[in-house]
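The values are calculated or read from the model by the stated rules, or taken from the named source; none is laboratory data. These numbers come from a predicted model, not from an experiment. Neighbour counts are summed over all protein chains in view; Cβ atoms, including those assigned to glycine, are modelled from backbone coordinates with ideal geometry.
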């Protein structure tokens with residue numbers, strides 16, 4: 001069973017930023033990476049991925065440049081910027097706080 | 001900071017939109033190919049892998065659209081919609097032009113009429129704090145707002161506690177020394193504080209001082225702006241100059257503002273103070289002034305009225321001879337200025353509003369037809385990824401574009417129409433309705449135009465949008481867009497057509513009733529023969545003609561001089577002309593009957609011996625006056641039929657004696673009875689009227705009525721010239737043919753203009769309604785082409801096809817006419833005050849309108865019915 005990535009609003013942006021911390025990736029690479037890292041649970045749709053990437057570009061959190069792939073095709077690679085890194089850590093800490101809070105509620109109930 | 005960056009980024013992308021699209025396309029197809037590859041690696045065939053990928057990703061266009069939305073500005077898609085709308089509208093120019101013209105028509109009518117209503121009824125009067133200003137009058141049995149006498153006014157002014165100021169004014173004809181002798185001037189006499197109570201300051205010079213209206217004060221005058229410009233060339237040195245008015249030198253002390261108007265006292269070029277000296281000014285029973293007052297803070301009109309009533313009551317007790325039956329009346333000044341015109345303006349506004357309703361409904365149904373024919377397009381666009389919201393936005397944009405174009409065209413033509421309408425109004429009527437100078441595109445008119453545009457936009461966007469969301473619309477692609485969908489549309493479209501037809505009926509009925517009123521009004525028996533009758537007013541200066549014998553000598557001279565003009569058959573003299581007003585009244589009693597001081601008030605006319613013969617009035621009994629009946633002879637009078645009916649219902653009036661309220665009474669013997677002459681406006685009822693010999697009540701102002709065998713218009717200049725030949729100091733003015741006097745009289749003018757305007761609305765409404773019906777029937781026929789083909793293939797006769805279509809149209813027309821007739825009787829009942837001797841349920845009008853509408857509707861449906869009947873069954877069936 002796969003879960004649509006727009007389950008929790010805002011999480012997709014965070015996931016994309018996170019996958020980019022290791023190396024610059026193209027859109028397909030990002031989708032693939034999220035899928036494999038989540039062990040096939042999260043399946044990012046093209047329809048959400050590309051608008052999200054445009055959003056991140058507009059905010060200046062990622063940078064895009066055209067590069068050759070291993071198969072010698074042209075692809076647009078996205079790189080995390082410094083402000084993107086800051087944004088990621090901000091979102092991560094917020095997310096952790098939320099998880100903890102949700103956890104408490106669930107335990108208590 | 002962040003938002004600035006985002007804005008700059010958006011701007012950067014906007015400037016390279018094409019590159020953005022290309023890159024996005026490339027990026028996404030790369031993604032897709034990789035995915036296909038991935039699936040192929042898992043063992044799917046190339047075809048299956050591509051199919052699966054496509055399925056997973058969904059609509060490519062809509063995906064790109066989403067990304068574009070992220071980086072685009074909000075107005076970009078709006079701009080896109082706008083451009084698309086223009087393209088769509090250009091593609092169907094006939095539809096677009098029809099819709100815009102129809103819309104502009106409705107808007108033009110309602111905006112221009114609203115501008116008149118605004119100027120007349122809504123716009124505050126151009127005085128300081130106008131809502132606190134009131135008109136103050138006396139009241140008598142005959143007239144609810146009658147004039148004040150000067151002594152009464154002075155008492156009212158002294159005793160009242162309701163007003164901070166109570167002033168009076170009087171319209172006053174004045175004699176000027178013109179280049180070719182005496183000429184009449186337009187002036188007003190006012191009390192000293194008149195301009196202060198209105199809060200109007202002269203633009204040049206000064207206002208009247210307190211006490212400047214007393215006889216002892218030097219005579220001064222304020223000029224109207226127009227008089228200053230026209231008579232004095234707008235020169236500043238006009239102050240201190242002297243002008244001779246009525247033979248007295250007046251010093252010009254100031255000039256009034258250009259925009260200043262005070263309709264009840266106008267037209268007036270010279271504003272002078274009262275300087276009470278005439279017999280009438282000093283007599284408590286001579287009523288010739290109107291009051292205007294400013295309410296004290298916290299005093300309501302009702303409490304002011306009750307105070308003035310008690311003041312009037314007190315005067316009745318104090319001066320029973322002159323004041324018995326004289327009450328008080330206090331009304332808002334707006335009522336005094338525009339009260340008469342309000343119902344007619346509201347009627348016109350309603351008429352224009354109904355026309356606007358028809359116009360918008362007409363365009364709405366056109367839009368519906370179009371949305372219907374665009375079902376397939378919409379379905380395709382939906383399938384290609386356009387979201388419902390985006391599709392609706394498209395319709396909204398198209399509606400807005402139509403409304404905007406219609407509104408601009410409507411406003412422009414309304415502006416032009418206002419100019420035209422104000423130019424069509426006779427000048428002297430404009431003088432009496434000065435607010436018409438202000439008709440124009442005021443902020444309120446703009447707001448009104450905005451409001452109706454908004455309503456129209458709402459209607460236009462809602463109708464197709466609602467249709468878009470109906471379930472069968474979604475099936476538009478699959479189905480051949482026929483059958484059930486056509487039926488639903490027909491139902492909605494039919495309702496709209498019924499609405500249009502019913503509205504058209506209302507307008508037609510109202511126009512018919514007004515037209516019939518006008519017809520009746522112009523044919524009302526006025527008791528005289530107006531054709532070949534010319535009239536002229538004559539005013540001779542007081543200095544040389546104020547004595548009785550002087551006035552009589554002048555009258556005789558004028559009559560003999562005019563009688564010698566070529567073509568003249570008879571010359572008559574009267575103190576007032578017919579079809580003018582019931583004013584100039586007198587009090588009398590019947591001698592030999594008990595009398596307790598009550599005031600029997602009737603209009604009195606002082607006429608020459610030949611007057612009735614000259615105007616063609618019919619003497620029913622008795623005799624006319626003799627030229628020799630002067631004051632020294634026994635006093636005589638002729639009464640009209642109304643007089644006989646009211647005061648001698650069971651007696652023979654001939655030989656009876658009347659008297660004015662003098663003591664001792666002076667008997668006036670009734671020597672004749674004349675058929676009722678319409679002395680007042682055409683739409684008024686005849687009042688008991690008393691005619692006495694001019695020579696027993698002479699005056700240096702009188703009117704001549706001349707019967708000629710030639711055209712009366714040609715006689716008018718000769719009449720004025722003849723008067724000046726007698727004495728250049730005498731003014732002869734207001735010369736006209738009697739038929740024109742009647743035709744241009746306020747009652748005739750108002751009836752005529754409202755009948756024409758509403759008639760114009762009604763014809764337009766009929767046209768639009770019939771076109772709307774044609775549209776519905778034609779559409780219905782086009783939708784049922786196949787059905788008709790099948791019917792005919794199965795042996796249906798052409799006549800039964802005709803019957804099929806005409807029955808459908810007949811139902812719509814029948815329902816429309818029925819609803820319309822019911823509503824119009826209700827509407828006519830509301831406006832019965834504007835009708836003249838026509839009942840609101842006037843059967844001939846109602847049946848006539850129903851017939852006109854039925855016939856035009858039949859014609860409108862006959863054309864599509866013919867097309868239906870000429871359907872070739874083979875062709876219709878092959879169309880599948």
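Test residue A:12 against the criterion of being within 14 Å of chain B (Cβ to nearest Cβ), closer than 20 Å to residue B:29 by Cβ and out of contact with any strand residue (DSSP E or B) (no Cβ under 6 Å at 6 or more places or on another chain), and give yes or no.
Values: within 14 Å of chain B (Cβ to nearest Cβ): yes; closer than 20 Å to residue B:29 by Cβ: no; out of contact with any strand residue (DSSP E or B) (no Cβ under 6 Å at 6 or more places or on another chain): yes.
No; evaluated as a whole, the condition is false for this residue.
Residues checked against (1) in contact with a strand residue (DSSP E or B) (Cβ under 9 Å, 6 or more places away or on another chain); (2) loosely packed, with under 15 Cβ neighbours inside 10 Å; (3) within 27 Å of residue B:415 (Cβ to Cβ):
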position	(1), (2), (3)
B:31	yes, no, no
B:41	no, yes, no
B:45	no, yes, no
B:50	no, no, no
B:60	no, no, no
B:64	no, no, no
B:86	no, yes, yes
B:89	no, no, yes
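Within segment B:30-48, the set of residues being more than 8 Å from chain A (Cβ to nearest Cβ) and under 19 Å from residue B:70 (Cβ atoms) is empty.
Scanning segment B:14-29 for residues that are facing chain A (nearest Cβ under 8 Å) and out of contact with any strand residue (DSSP E or B) (no Cβ under 8 Å at 6 or more places or on another chain) returns B:24, B:28.
Note on segment B:330-348: residues that are under 10 Å from the mean Cα position of the chain (by Cα) and surrounded by fewer than 19 Cβ atoms within 10 Å (Cβ to Cβ) amount to 3. Within segment B:674-702, the only residue that satisfies the criterion of being surrounded by fewer than 20 Cβ atoms within 10 Å (Cβ to Cβ) and assigned to a strand (DSSP E or B) is B:701. Is it fair to say residue A:81 is at pLDDT below 85 and within 12 Å of chain B (Cβ to nearest Cβ)? Taking the combined requirement at face value, the residue does not satisfy it.
For the subset of segment A:21-45 comprising residues that are loosely packed, with under 15 Cβ neighbours inside 10 Å and part of a helix (DSSP H, G or I), which member is farthest from the chain's Cα centre (by Cα)? Filtering segment A:21-45 for residues that are loosely packed, with under 15 Cβ neighbours inside 10 Å and part of a helix (DSSP H, G or I), the one farthest from the chain's Cα centre (by Cα) comes out as A:36. When the criteria are applied in full, residue B:871 meets the requirement of being assigned to a loop (DSSP other than H, G, I, E, B) and closer than 30 Å to residue B:794 by Cβ. Does residue B:447 count as more than 18 Å from residue B:93 (Cα to Cα), touching a helix residue (DSSP H, G or I) at 6+ places or on another chain (Cβ under 6 Å) and modelled with pLDDT of 90 or more? Considered against the rule, which asks whether it is more than 18 Å from residue B:93 (Cα to Cα), touching a helix residue (DSSP H, G or I) at 6+ places or on another chain (Cβ under 6 Å) and modelled with pLDDT of 90 or more, residue B:447 comes out as no. Could you tell me whether any residue of segment B:47-60 is over 30 Å from residue B:388 (Cα atoms) and assigned to a loop (DSSP other than H, G, I, E, B)? No: segment B:47-60 contains no residue that is over 30 Å from residue B:388 (Cα atoms) and assigned to a loop (DSSP other than H, G, I, E, B).
Residues B:434, B:414: which one is surrounded by 18 or more Cβ atoms within 10 Å (Cβ to Cβ) and modelled with pLDDT of 85 or more? Walk me through it before giving the result.
Values: B:434 fails: modelled with pLDDT of 85 or more.
Criteria check complete, one pass: B:414.
Residue under question is residue B:204, and the condition is that it be within 26 Å of residue B:137 (Cα to Cα) and in the same structural domain as residue B:318 (by TED's automatic domain parsing); does it hold? Show your work before the answer.
Working: within 26 Å of residue B:137 (Cα to Cα): no; in the same structural domain as residue B:318 (by TED's automatic domain parsing): yes.
Spelling it out, it is not the case that residue B:204 is within 26 Å of residue B:137 (Cα to Cα) and in the same structural domain as residue B:318 (by TED's automatic domain parsing).
Of the residues B:498, B:535, the single one that is touching a strand residue (DSSP E or B) at 6+ places or on another chain (Cβ under 7 Å), buried (at least 24 other Cβ atoms within 10 Å of the Cβ) and either under 30 Å from residue B:375 (Cα atoms) or modelled with pLDDT of 90 or more (or both) is B:535. The residues of segment A:32-62 that are modelled with pLDDT of 85 or more, in contact with a strand residue (DSSP E or B) (Cβ under 9 Å, 6 or more places away or on another chain), over 15 Å from residue A:10 (Cβ atoms) and facing another protein chain (nearest Cβ under 10 Å), listed by number, are A:32, A:57.
Say whether the condition of being in contact with a helix residue (DSSP H, G or I) (Cβ under 7 Å, 6 or more places away or on another chain), exposed (fewer than 15 other Cβ atoms within 10 Å of the Cβ) and modelled with pLDDT under 80 is met by at least one residue in segment B:123-132. Within segment B:123-132, none of the residues are in contact with a helix residue (DSSP H, G or I) (Cβ under 7 Å, 6 or more places away or on another chain), exposed (fewer than 15 other Cβ atoms within 10 Å of the Cβ) and modelled with pLDDT under 80. If you go through segment B:311-343 and keep only what is part of a loop (DSSP other than H, G, I, E, B) and under 16 Å from residue B:596 (Cα atoms), you end up with B:319, B:324, B:325, B:326.
Return yes or no: is residue B:202 in a loop (DSSP other than H, G, I, E, B) and either on the phi < 0 side of the Ramachandran plot or under 35 Å from the mean Cα position of the chain (by Cα) (or both)? The answer is yes for residue B:202.
Does segment B:658-673 include one or more residues that are outside the structural domain of residue B:245 (by TED's automatic domain parsing) and under 39 Å from the mean Cα position of the chain (by Cα)? No, segment B:658-673 has no match at all.
Any chance segment B:381-402 includes a residue that's part of a loop (DSSP other than H, G, I, E, B), modelled with pLDDT under 80 and under 19 Å from the mean Cα position of the chain (by Cα)? Step through it out loud before you land on a result.
Residues of segment B:381-402 that are part of a loop (DSSP other than H, G, I, E, B), as a first pass: B:384-387.
Subsequent filtering for residues that are modelled with pLDDT under 80 retains B:384-387.
Filter again for under 19 Å from the mean Cα position of the chain (by Cα), leaving none.
Looking for residues that are part of a loop (DSSP other than H, G, I, E, B), modelled with pLDDT under 80 and under 19 Å from the mean Cα position of the chain (by Cα), one finds none in segment B:381-402, hence no.
Looking across B:7, B:95, one residue alone is out of contact with any strand residue (DSSP E or B) (no Cβ under 9 Å at 6 or more places or on another chain) and either more than 14 Å from chain A (Cβ to nearest Cβ) or modelled with pLDDT of 80 or more (or both). It is B:95.
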